[in-house]
1. Among all the lysines, which ones have a C-alpha under 30 Å from Lys235's C-alpha, if same-chain residues fewer than 8 places away are not counted?
2. When the dipole is taken about the Cα centre of the stretch 231-297, and only Lys, Arg (+1) and Asp, Glu (-1) are charged at their Cβ, what size is it in debye, to the nearest 20?
3. Report the FRET efficiency, 1/(1 + (r/R0)^6), for Ser256 and Lys235, where r is their Cβ-Cβ distance and R0 is 22 Å, rounded to 0.05.
4. Tell me, what is the FRET efficiency for Asp59 and Asp93 to the nearest 0.05, using R0 = 51 angstrom and their Cβ-Cβ distance as r?
5. Between Thr119 and Asp169, what's the calculated FRET efficiency when r is the beta-carbon distance and R0 is 22 Å? Round to 0.05.
6. Want the number for Ala284 to Ala186: 0.36 nm per residue separation, take away the alpha-carbon distance, what's left?
7. What nm value, rounded to one decimal, do you get for the distance between Thr220 and Glu296 when each label is placed 7 Å out toward the C-beta?
8. Students often get this wrong, so try it: which of [x] 20.6, 64; [y] 22.4, 71; [z] 23.9, 78 is Rg and Dmax of the Cα atoms in Å as calculated from the structure shown?
Amino acid sequence: MDGTVVLEASGLAKRFGHVQAVNGVSFTIAPGETYGLLGPNGSGKTTTISMICGLLKPDEGTVTVGGQAMTTATLEPKRMIGLVPQDLAIYPDLTARENLRFFGRLYGLGGTELESRITEVLRVIGLADRANDRSGTYSGGMKRRLNIGIGLIHGPTLLVLDEPTVGVDPQSRNAILESVEQLAGAGIAVLYTTHYMEEAERLCDRVGIIDGGEVRAEGTQQELVKLVGEAERIKVEGSGDLSGAAARARGVAGVSDASVSPEGVSVLAADAAGVLPAVLSELAAGGMSVSSVVVEKPDLETVFLHLTGKALRD
């Protein structure tokens, strides 16, 4: 196995009738890296995951996990994957401990090894204190965390999380995100699909923006922002001679544009923090009385809007 790559997906494509669900998707994930597939519902995320996990045969393209080719018939690469699907895969009449023991045995674990894994997984997902309660009595967020635990029980090399926080409360959502951060820190490669921009920004080392079954762009958040060339925006609220103030601000070195906005003046610059003192000085000299200042940095929402022409939607 190449120690630098856990997952390699190359040229994946899948058509359902007249619908091209996935078209030429390629990316890699390294050990300890969290790779995010960011896109709206219907963008091809789940179909891509199904092909990566060997649940669906691609029309074109290949997948390798741990250097081994993945097909719908192969077993070894599948054993390296912990899949956490959107739909809950737990038995409500069993406790968390019993659920983990059952799925652990399906992976061939037993004895002290299995019991040790159960204890560790319960700690990671934050359910040690409810381990002996029936999972059917859990909140939605707790069930989601147990769902993740089942994907972890066999010690996978690659953890695949398909929209793991859908429909959970903010507290449980934060607990899930903390667990994912801990797992990546422990060296597990994580493939994380989401349509929540803030999750991708918090968790992912690299992001692939997928829409219409195609990866429109990929890279770190900084690389993606640089790709679309978005400047930082200084939004200055206030009153007075706004046109005169904007004209003065346009003369500041490093400012690419300054215009009158409904609230005051909007200034674009590559380095907002660096030019801010000079901008405020010129705005005041131009006759503007400033009441508030907000600096907005370009984010993945900006990139997604630029690449797809639409805001990320549920």
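1. Here the lysines satisfying the reach criterion relative to Lys235 are Lys226, Lys297, Lys310.
2. Details: 5 positive and 8 negative charges, 12 e Å.
Charge dipole of the stretch 231-297: 60 debye, to the nearest 20.
3. With R0 = 22 Å, the Cβ-Cβ based efficiency is 0.90.
4. On the way: r = 40 Å, r/R0 = 0.78.
For R0 = 51 Å, the calculated efficiency reads 0.80.
5. On the way: r = 26 Å, r/R0 = 1.19.
For Thr119 and Asp169, the calculated efficiency is 0.25.
6. Numbers: separation 98, 0.36 × 98 = 35.28 nm, distance 5.19 nm.
Here the answer is 30.1 nm.
7. 2.5 nm
8. Among [x] 20.6, 64; [y] 22.4, 71; [z] 23.9, 78, the one derived from this structure is [z].
No lab work stands behind these numbers, since they all come straight from the coordinates. What you see is a predicted model; the values in this text were computed from it and never measured. Heads up, the Cβs are rebuilt from the backbone with ideal geometry, glycines too, and the neighbour counts pull from every protein chain shown.
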